[in-house]
Amino acid sequence: MLLAAGAMQYPTKKFLAALAVGRGIRYTILAYLGYRYGHNIMNFFAQYYWPLLFALIACSLAGGLYGCTNTNAAEKPRTPKFPERVPFADALHSALTKFAPLPHTG
């Protein structure tokens, strides 16, 4: 979002004002929710700490194994990221050697 605002030449003061208002609203709501439900959430995690920890570890391991054994990635043919000859690079090289030729030895 920051890069998009800079690229579109959005006025800095308006952008900072909108950013401050948006973050102010978000963190005010978050603070209210923490004040209102914080004790209940802490009691829940104190009561179910170990089962939740084991469930999180199991889900992480399952996701990691699935990602490592995904057969779709192995079946895709690999294509090179860049073509063998880049026209822009050839044009740049010829332009540079035209104005600043390399010294010849011999």
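Counting residues in segment 2-73 as N, plug N into 2.2 N^0.38 Å and put the Cα Rg over that result. Can you show the working numbers first?
Numbers: Rg = 21.2 Å, N = 72, 2.2 N^0.38 = 11.2 Å.
After normalising by residue count via 2.2 N^0.38 Å, the value is 1.89.
Report the gain in length on full extension from residue 26 to residue 12: 0.36 nm times residue separation, minus Cα-Cα distance, nm rounded to one decimal.
Numbers: separation 14, 0.36 × 14 = 5.04 nm, distance 2.10 nm.
Gain in length upon complete extension: 2.9 nm.
Readers should treat all values here as calculations from the given coordinates under stated rules, not as data from a laboratory. This structure is a prediction, so every number in the text was calculated from the model and none was measured.
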